[in-house]
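The values are calculated or read from the model by the stated rules, or taken from the named source; none is laboratory data. All values derive from a computational prediction rather than experimental measurement. Using ideal geometry, Cβ is built from the backbone for each residue, glycine included, and neighbour counts are taken over all protein chains shown. Accessible surface areas use protein heavy atoms only, side chains included; no ligands, DNA or RNA. Shrake-Rupley method; radii C 1.70, N 1.55, O 1.52, S 1.80 Å.
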Amino acid sequence: MTHRRRGWVDIVGILMMAGALGSCGGGDHHDGGRAGGGCVLVREVEPNNTFLTAQFLGDMFVDDCFIVDGSIFNPADVDSYRVLVQESLNLVVTLDHSSLVDFDIQFFDADTGQLIRDCGTGMIPEVCVVFFDARSRDIAVDVVVTSNVGAGTYTLTIDAQ
């Protein structure tokens, strides 16, 4: 059996992979949150422009976090992301994008389609905080990114506090 000698490129790649995996958390939600903290990085998956095709990110407990790399292809494009709020918490949502465009964030009740809050501020980054009281039931929430002006890429952070 021959052994291949590891070069610096191989070692750096392994260390980077271990660091990336280690920072994403994981853990059992029964212990009150993710082990090691950190956010789960997600890429937008099309189609996600309606309530029926909203991209499901996962269950939300305090200290959970998702960071989504997305893009609005044209001003009529809409991007919907669904989370399931499992306990009473604040969702702190940050939308960062180019100053050449104007994107907004809305929260909808995924079960009824009813608007919970429109967070269009025109500021960059846009930050919106919404409290959810999930004592009696889990709450399916759609976080929707829309364009007022232009198209381009964005980073959406959904942080449960």
Subject >> Mean Cβ count within 10 Å, highest first, over the residues of peptides 57-66, 138-147 >> reply: 138-147, 57-66
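Remind me, relative contact order of segment 35-161 in percent, using alpha carbon pairs under 8 angstrom and six or more residues apart?
36 percent
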Subject >> Average accessible surface area per residue within segment 84-136, 1.4 Å rolling probe, Å² >> reply: 52 Å²
**OP:** List, in order, the whole-Hz ³J(HN,Hα) value for each residue of segment 121-129 obtained from phi through the Karplus relation with A = 6.51, B = -1.76, C = 1.60 and θ = phi - 60°; use x for Gly and Pro.
**Re:** 10, x, 8, 10, x, 8, 10, 9, 10
Subject >> Segment V149-T121, extension gain: residue separation times 0.36 nm, minus the distance between their alpha carbons >> reply: 8.8 nm
Original post:
Which percent of the accessible heavy-atom area of segment 64-154 goes to carbon and sulfur, probe 1.4 angstrom?
Top reply: 52 percent
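Using the Cα atoms as the points, what is the convex hull volume per residue of segment 45-146 in Å³? List each step's numbers first, then the result.
Working: hull volume 9.6 nm³, N = 102.
Spread over its residues, the Cα hull of segment 45-146 gives 94 Å³ apiece.
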**OP:** Quote to one decimal, in nm, the extra length available between L41 and A76 on full extension: 0.36 nm per residue of separation minus the C-alpha distance between them.
**Re:** 10.1 nm
**OP:** Using a cut-off of under 18 Å, list every residue of segment 79-113 whose amide N is near the label point 7 Å from the Cα of S136 along the Cα-to-beta-carbon line.
**Re:** 85-89, 109-113
